[in-house]
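What follows is calculated from the coordinates using simple rules that are stated; it is not laboratory data. None of the values given here were measured: they were computed from a predicted structure.
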Amino acid sequence: MKKIKFLIFLSIAMHLLLTSCSNDDENPNEPMQTRLVNKVSMLDPTNNVEYQSYNFEYNEDFSIKSIEYVNASNTVLRRYVFEYTENNTKMNILSVTLCTQTTTELNHQDTILTSLVNQGNTTTFTYDEQTDMYMYSGMIGSFEYTFSFDEYNNLSNYFGTNYTYDYSKKGILFNVPNPNKTMHFFSNYLQGDSNLKYIFTSKPLTEVTIEDYPDDTISFTNEYDNEGFLIKTVATNIGGNNSVTMYEFNYSLN
């Protein structure tokens, strides 16, 4: 009987020891790593060869510090440098080839955008809390431009262009802090490709439609990894020339 009790005690002790070692290996105190996009490649849809790319650098809080626009020969053509203060986000565009610098700023009060300053010219926004819509007067007559955001701070409508997203998946800016709605708005000022603004989102786009040109729709065919992150998209302009633009996305753990 004593021998049986000893064997039972030994079995329990070994089980507790192995469980403890397993928990130690998991190291619960190890900091969680955040997945961030580090490169966006634009590929030739006929042969999948990269012809230009965008390389990302981040601050400690995972906000975007800079983006480099690089051509096929790995020459940096432009560098976008971001600065953040409490009520202002600034994007400096440095053209390496032209040796010029332009600056675009977005001012905000808490989560509400208040104005855009582009090369010293200020545009003031009016925000309608009931409709959750921004507006400002155009250059011609009293025509008003409007834009709005979804709950993930992506543009849902931008001057008559409507955005449709896959909210079950993760876009390339999914882990980038964007409390003031600035990053997707700024993407309209990134140079090098007119469709680039369609991928700078926290949720992947599936379709873009233009109210005045309903036939000029852009459709997105997306590929995701097993965590739901966007890793490849093909943007097809199904109106007019049927042009195709292909993007591939690489991530790193930070």
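Quick look at the values:
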| quantity | calculated |
| --- | --- |
| For residue 44, residues with placed amide H under 5 Å, excluding near neighbours | 49, 50, 51 |
| Subset of 90/181; 90/203; 39/232; 39/170; 90/170; 169/197 violating a 21 Å alpha-carbon distance limit | 90/203; 90/170 |
| Cα extents of the range 47-154 along the three principal axes, largest first (Å) | 49, 36, 33 |
| Net lengthening on full extension, residue 83/residue 48 (0.36 nm per residue, minus Cα-Cα) | 9.2 nm |
| Table column - 3J(HN,Hα) (Hz), the range 60-66, Karplus curve with 6.51, -1.76, 1.60, x for Gly and Pro | 5, 8, 6, 6, 6, 8, 7 |
| Amide proton proximity set for residue 34, modelled H, under 5 Å, gap of 5+ | 254 |
| For residue 88, residues with placed amide H under 5 Å, excluding near neighbours | 108 |
| In order through the range 85-97: 3J(HN,Hα) via Karplus (6.51 cos²θ - 1.76 cosθ + 1.60), integer Hz, x for Gly, Pro | 10, 4, 10, 8, 10, 10, 10, 9, 9, 9, 8, 5, 6 |
| Potential lengthening between residue 136 and residue 96 on full extension [0.36 nm per residue; Cα-Cα distance subtracted] | 11.1 nm |
| ³J(HN,Hα), Karplus 6.51/-1.76/1.60, whole Hz, each residue of the range 42-59, x for Gly, Pro | 9, 10, 6, x, 7, 9, 6, 8, 6, 10, 6, 8, 10, 9, 10, 10, 10, 7 |
